[in-house]
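The values are calculated or read from the model by the stated rules, or taken from the named source; none is laboratory data. Everything numeric here is computed off the predicted structure, so don't read it as measured data. For neighbour counting, all protein chains shown are included, and Cβ atoms are generated from backbone atoms with ideal geometry for every residue, glycine included.
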Amino acid sequence: MDSFSNHSSTPSSRQLSAHDLKNQLKSQLALEYAQQFLETVRGKCFEKCITKPGSSLSGSESSCISRCVDRYIEATGIISKALFSGQQ
Amino acid sequence: MDLSEINSPDMQKFYSEEQQRAMVNEMVAKLTSECWDKCITGTPGNKFSSSESNCLSNCAQRYVEMTMLIMKRFQSMQ
């Protein structure tokens, strides 16, 4: 596929192939994205669902949180579609 | 890997593709946050009402439109 694939046939524990580097960067970026997403969703759903913090999380609060997380993921999809699928 | 390969054309291409992807993700995340606040006023339900999902779509598209307008406005000031 690329000129670097030859290198993987001569493996050395200290050598990092371009392929490995790409994968490492990709997973680092994915982790970063996931952390940021979690942080945002946490803020949004705390605001929506935990309006009066009690001594424990109530059943209705927990179910609100599940719905909120699902809807936030759905909203991300809707926004991305609206921006890039060029409808209307 | 050879250190010079970190800046090889292949890696440069990879970096700019990933940068592009990250920018797109960032924009979607920002708009989702803004539009969520504007459009989802009640407690989240089991599904979005059609007015909520329309509002989200419209919100994203109007944001882009607004960006264009603001850029034009700035350009006209120069």
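Things worth noting here:
- When A:Gly77 is tested against (1) under 25 Å from B:Tyr63 (Cα atoms); (2) outside any helix (DSSP H, G or I); (3) modelled with pLDDT of 95 or more; (4) small (Gly, Ala, Ser), just one condition goes unmet, and that condition is (2).
- Residue match in segment B:50-57 (condition: of a type in the set (D, E, K, R) and either more than 23 Å from A:Ser63 (Cα to Cα) or within 8 Å of chain A (Cβ to nearest Cβ) (or both)): no
- Which numbered condition B:Gly42 fails, given (1) of a type outside the set (D, E, K, R); (2) more than 30 Å from A:Leu21 (Cβ to Cβ); (3) touching a helix residue (DSSP H, G or I) at 6+ places or on another chain (Cβ under 6 Å): (3)
- Answer from B:Glu52, B:Glu65 - the residue that is in contact with a Gly (Cβ under 9 Å, 6 or more places away or on another chain) and more than 30 Å from A:Gln28 (Cβ to Cβ): B:Glu52
- Scanning segment B:13-49 for residues that are more than 8 Å from chain A (Cβ to nearest Cβ) and among the hydroxyl-bearing types (Ser, Thr, Tyr) yields B:Tyr15, B:Ser16, B:Thr41, B:Ser49.
- Annotation: of all residues in segment B:1-37 being charged (D, E, K, R) and more than 16 Å from B:Thr67 (Cβ to Cβ), the one that is modelled with the lowest pLDDT is B:Asp2.
Per-residue answers, yes or no, for (1) crowded, with 18+ Cβ neighbours inside 10 Å; (2) more than 16 Å from the chain's Cα centre (by Cα):
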{"site": "B:Gln12", "(1), (2)": "no, yes"}
{"site": "B:Ala22", "(1), (2)": "no, no"}
{"site": "B:Thr32", "(1), (2)": "yes, no"}
{"site": "B:Trp36", "(1), (2)": "yes, no"}
{"site": "B:Thr41", "(1), (2)": "no, yes"}
{"site": "B:Asn46", "(1), (2)": "no, yes"}
{"site": "B:Ser49", "(1), (2)": "no, yes"}
{"site": "B:Cys59", "(1), (2)": "yes, no"}
